[in-house]
1. Quick check on the stretch 166-177. Is at least one of its residues out of contact with any Leu (no Cβ under 8 Å at 6 or more places or on another chain) and closer than 21 Å to Phe275 by Cα?
2. Which members of the stretch 251-267 meet the condition of being part of a loop (DSSP other than H, G, I, E, B) and surrounded by fewer than 18 Cβ atoms within 10 Å (Cβ to Cβ)?
3. State all residues of the stretch 205-225 that are free of Cβ contacts under 8 Å to residues at least 12 places away in the same chain and either assigned to a helix (DSSP H, G or I) or of a type in the set (Val, Ile, Thr) (or both); if no residue qualifies, say none.
4. What residue, of Arg205, Arg270, is loosely packed, with under 13 Cβ neighbours inside 10 Å and touching a strand residue (DSSP E or B) at 6+ places or on another chain (Cβ under 9 Å)?
5. If I ask for residues that are surrounded by 15 or more Cβ atoms within 10 Å (Cβ to Cβ) and not in a loop (DSSP other than H, G, I, E, B), which ones from the stretch 164-182 would you list?
6. Just to be sure before I move on: is Leu116 at pLDDT 85 or above, over 30 Å from Cys245 (Cα atoms), surrounded by 10 or more Cβ atoms within 10 Å (Cβ to Cβ) and not assigned by TED's automatic domain parsing to the domain that holds Val195 in the structure I sent?
7. If I filter the stretch 120-157 down to residues being part of a helix (DSSP H, G or I) and in contact (Cβ under 8 Å) with a residue 12 or more places away in the chain, which single residue comes out as farthest from Ala281 (Cα to Cα)?
8. When the stretch 141-158 is examined, which residues are found to be more than 17 Å from Lys271 (Cα to Cα), within 36 Å of the chain's Cα centre (by Cα) and surrounded by 11 or more Cβ atoms within 10 Å (Cβ to Cβ)?
Amino acid sequence: MKGQVIGGKKKKVDLTSYGKQQRKAKSEEKGAVERRAPAEKRRPAEKRDVAPKPKKVEGTPVPESHLKHKKSADKLRRKNIRKLLLRSKKVRSVRRNVYHRAERYEQQYRDMKKDLVRCRRTARQGGTFYVEPEAKIALVIRIRGINGVSPKVKKILRLLRLRQLHNAVFVRLNKPMHQMLTLVEAYVTYGYPTVNTIKELIYKRGFAKVQGNRLPIRSNGLIEKYLGGHNVICLEDVINQIYTCGPHFKQVNRFLWPFKLSCPRGGFVRKSTHFAEGGDAGNRETHINKLVKRMN
């Protein structure tokens, strides 16, 4: 506290409050200046304890082995990229081809069904009967074991590739095949499958026989690899060759492993009796589709 003479009188002045007033006035003046003029961008804080980057000197020698390695790596990378592009292009074209083939086959099946309905209707309108063409293929299923099997029957079952119970195969129906089926009729049941039955069998229980090995058909690449020479590149081609008994039926049928079916739901009625007499053995024609549905 100090005294100050004002008007002939000495007045006491508080220096602490006076200093506060001065600092307040300076801060207000500084804030006013900052509001009038935009604040300058702050410069980034300098990094501390960071070693400076070494400057790259032009003309620094590089080992020749490093240059060779880099060159070979670039060449290999370009080669791999080119292979991937070619492979993706091939895959796209194959998928497009498979899609068009599937569409063509579906249209073929629809036309065959329409022709059959038209022929039946025409015959009924004319007061006659339409005799359908004989089946070209049959699905043979083994329903009995090996007890009491004669050597001749056993040989025929081996030729048909029916070595186990509930095995199923497709066969081409001709005169020798009819004679063989007649001899083993008591041990098998067979009939004429529809295209839907063939599809369900191949899609669900289809396996490929490759060099004596049983391989699952997981992609069309496996089919194209072993049947591409016969213009069979996808599963739709396999189904079409089987159903229509095409020119490559033998190769496609040999490519497929015999189907391993389950026991039918509800069981068999009587295996030792013919189907026409109320049993299960022998020819059951189109009723084979119901049995396959129960065993698939």
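The values are calculated or read from the model by the stated rules, or taken from the named source; none is laboratory data. What you are looking at is a predicted structure, and each value in this text was computed from that prediction instead of being measured. Glycine also receives a Cβ, built like all others from the backbone with ideal geometry; neighbour counts cover every protein chain displayed.
1. There is at least one residue in the stretch 166-177 that is out of contact with any Leu (no Cβ under 8 Å at 6 or more places or on another chain) and closer than 21 Å to Phe275 by Cα.
2. Listed by number, the residues that qualify are Ser262, Cys263, Arg265, Gly266, Gly267.
3. Residues satisfying the conditions are Gly221, Lys225.
4. It is Arg270.
5. Asn167, Ala168, Val169, Phe170, Val171, Met177, Met180, Leu181
6. No; evaluated as a whole, the condition is false for this residue.
7. Lys152
8. The answer is none; no residue qualifies.
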